[in-house]
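S.K.: Below you'll find the structure I mean.
A short reminder: the numbers here are calculations on the coordinates, not readings from a lab. Everything numeric in this text was worked out from a predicted model, so none of it was measured. Neighbour counts run over all protein chains shown; Cβ positions are idealised from the backbone, glycine included.
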Amino acid sequence: MNSTIVKFLKTAVSVAVAFLCFTVIILLAFYFYLSDGVEFKLDKSNQTLNSLTKRFELDFKETSSIYFKAREENIDAYITLEDVIIKRSGNILINSKNITLNTTLNFAKTVQFVFEIVLNNNTDLNLINPVSIKLQNPVYNLASINNQKAEIDRSERFFPVIIKAENGILFDGDIEIGQFDLILNLNQYSENPTIEKYKLRLKSSENFPLSYITKFFEDVESIGDLKEEVSFDITLEDANVNSFDLTQKLNGIIQIRNTTLRLKTFPVELKPEPIRRLDLDLNIINNIGQATLVGTVYNPKKNLGLQTEPNLQIGGTLNFEEISKPELNLIVNGYDIYFAKLENLNLNGITDLTVSIIGKNVLDLQGSLKIKKSNGFLVPLKDTEFETKHRVRNGYEKK
């Protein structure tokens, strides 16, 4: 009996050794086959590839390929996708002239990774090394972004992804915002990625309409003019997105020439008059912006063609440590400014004014009025000083 068991064990060991040797020979042959580099065309008729492209709403030309090259114990892998279209829920999110992906795979882990896919239909993210993705001339549409937030279990396995986009064009629906370059570091989990850090540079397009920004400011009824000129070149970066501290940095220049601004409301109960021929210069260095605004407050009792001289000037600083909620420290100077009471436009006049605007969510307004003329009041208005507060409603806050 013992002799039979020994023979059985010897036979089993012999078979196992033979199988192991056979596997090693195949792996070695596969490795040396890749040592000179091997390129394969990506055939979308392949069932696995076809399933992946449908799952990720991905389309590309038949000339796309994947290239492997063995290097010591690693395999360099390169994927080149030509004329790529990426969709989300059927809407085009990105289209790019080409996208290249490259990573270095450990030979043993690659074999294990293949077996995981073939035998278990499972991908172990821990087997994947960092992946680098480069997009050339991508077109990205903000209107196709799905804002649903997904919960990420950071105890899950993930692999790092570095995305670089060059000479991209940014749209929001049909509006061309401008040209962008992007470096984005992600951690890709089983379902969704998390952003770790990024750097975005955005330059305005020649056709960027200033009216686009009105949706971010609820107090603004409209801004824009057929003769306006708009240009900006800004860089926004964050070296540690998940930090509890504010680590965003904003730098750049914004210039606006010859536009018209109309407000829905005014901090006090006065009828807001349009500001015409408005010019703005904003220079931002490490979140601190120096602003200069010059414009002409419209007087409805005066011929528009005669209102050529600017009578409003605003200057000061804006702190963009919280990008969506800048902190203001501005001084407003105006002369021959027309005003009218909102509930009775017959109560109106002309004044010179000086106002300080300080704050973020709630603005403290302090200043003085030098009344030059008043109409309709039982008692003529006198020079006065005032202090009031104005709440700035942010677009992301609930009404």
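S.K.: With a sphere of radius 15 Å drawn around the Cβ of residue 82, what net charge do the other residues whose Cβ falls strictly inside it have (Lys, Arg +1; Asp, Glu -1)?
M.R.: 0
S.K.: Once Rh for the stretch 195-312 is found with the Kirkwood sum over Cα pairs, what is the Stokes-Einstein diffusion coefficient at 25 °C and 0.890 mPa s, in µm²/s?
M.R.: 150 µm²/s
S.K.: Between residue 55 and residue 379, what is 0.36 nm times their sequence separation minus the Cα-Cα distance? Round to one decimal in nm.
M.R.: 109.2 nm
S.K.: Follow-up. Once you charge only the Cβ atoms, +1 for Lys and Arg and -1 for Asp and Glu, what is the size of the charge dipole of the stretch 213-265 about its Cα centre, to the nearest 20 debye?
M.R.: 180 debye
S.K.: 7 Å from Cα along Cα→Cβ at both residue 66 and residue 269: what's the point-to-point distance in nm?
M.R.: A separation of 7.2 nm, rounded to one decimal place.
S.K.: Along the positive direction of the dipole of the stretch 242-297 (beta-carbon charges: Lys, Arg +1; Asp, Glu -1; about the Cα centre), which of 258, 244, 292 reaches farthest?
M.R.: About the Cα centre, the residue reaching furthest to the positive side is 258.
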